[in-house]
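Undergrad: The structure's right below; bear with me while I get my questions together.
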């Protein structure tokens, strides 16, 4: 593409007999290929300029040479050296040594048996070529199937961890971190993070405070147990918290287990803490926040079904649903968390298999499995015994995953909220518009 933009024509790809487009990217990264193409374009331009200058000189020199030879009547004998047949073999052997054997530790193979890694690399190339030949005819023209799978099934695609991170940055980090953005942007006083336990909801709250330098106030029911009793005490507590939060802005007021403030029916074990006592005062205090007050209420819950939906949606203006991580998110989580422990994954560790097997587990479960496996003793044994995916399976089995029924109940609750209904309606309208366009195109073709 870069050469097409610069020269107006695309480079000539090799024939299928010589490897096709695969030969361009063999043993090279896309960045290296791009750099080579740019260098070729620059060299071609220089050569064309030099050729245009040298044409005039060559013609003059040819004329002079013919005249001199005609005068002398003799032709100088030139000593011709034939190319060596051994140099190409020596160069090939030297290149093979540099690419394959120079940086390889042979102390692992004292008996000098066959090297399994070298055989795997050779066979992997053969398998890639076979799959490439089978895959290219199928893939041509079918690139939209994967992206439109959910649309064709009329299902609303669930957000990924990256989407949640982006929304938290837009709703919380930017507004609390910049006074100008807080004044100009639409006012958002509160956010509710909904998802199974272990999804990192509390970590996101701490990340918002870290990125914006905000002060954290904890109004969770467990933290208020036995503090500021009575009606007057509760009013004074909420008033003081919001007053200090305005004075020390930016500030984040966090409520863990936010569903307890809006219980439909208070369980026996939670009656002592009286979780609903700040419900009225919290609603009144939030209404007093105006543009310029960089104070935000962030609630986290894993059981929103136990709360009254009206009261919960009145207090929390934005609800972000955090489903179980998908395959791509799990792959990144495994890779990044292992690298964070100071270990570089090798070919012995099949991260793709770990991401597939850990379907249903949260980031908290994955982190717990990694911490239990990668102890100090295991870290010292890495040079002799590399990490293998089977080591993590024993730890994952001990943990309880998020079952599909639990996630479906959270989805059903979310789509009953006002925001969930709006997003569902918006998605349905988009699908109907796309279907109408497709019908018009089909009619025109007929």
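Undergrad: Confirm whether residue 330 is touching a residue at least 24 places away in the same chain (Cβ under 8 Å) and either touching a strand residue (DSSP E or B) at 6+ places or on another chain (Cβ under 9 Å) or under 30 Å from residue 378 (Cα atoms) (or both).
TA: So residue 330 passes the test.
Undergrad: Find the helices (runs of 4 or more DSSP H) located wholly in the range 92-183 whose residues include 1 or more that are at pLDDT below 80 and not assigned by TED's automatic domain parsing to the domain that holds residue 196, and list them.
TA: Ranges flagged: 116-139, 144-147, 149-152.
Undergrad: Under 8 Å between Cβ atoms, which residue pairs at least 6 apart in sequence (or on different chains) link something in the range 31-51 that is at positive phi and at pLDDT 75 or above with a partner that is loosely packed, with under 13 Cβ neighbours inside 10 Å and not in a helix (DSSP H, G or I)?
TA: none
Undergrad: Report the residue count in the range 186-213 for those that are more than 23 Å from residue 333 (Cβ to Cβ) and either at pLDDT below 85 or assigned to a helix (DSSP H, G or I) (or both).
TA: The number of residues fulfilling the criteria is 1.
Undergrad: A further question on this structure: Of all the residues that make up the range 411-430, how many are surrounded by 15 or more Cβ atoms within 10 Å (Cβ to Cβ), outside any loop (DSSP other than H, G, I, E, B) and touching a helix residue (DSSP H, G or I) at 6+ places or on another chain (Cβ under 7 Å)?
TA: Final tally of qualifying residues: 3.
Undergrad: Another question, if that's okay. Could you check residue 411 against (1) under 25 Å from the mean Cα position of the chain (by Cα); (2) in contact (Cβ under 8 Å) with a residue 40 or more places away in the chain; (3) farther than 28 Å from residue 317 by Cβ and say which number it fails?
TA: Status for residue 411: all satisfied but (3).
The values are calculated or read from the model by the stated rules, or taken from the named source; none is laboratory data. Worth saying up front: this structure is predicted, and the values here are computed from it rather than measured. Backbone-built Cβ (ideal geometry, glycine too); neighbour counts: all protein chains shown.
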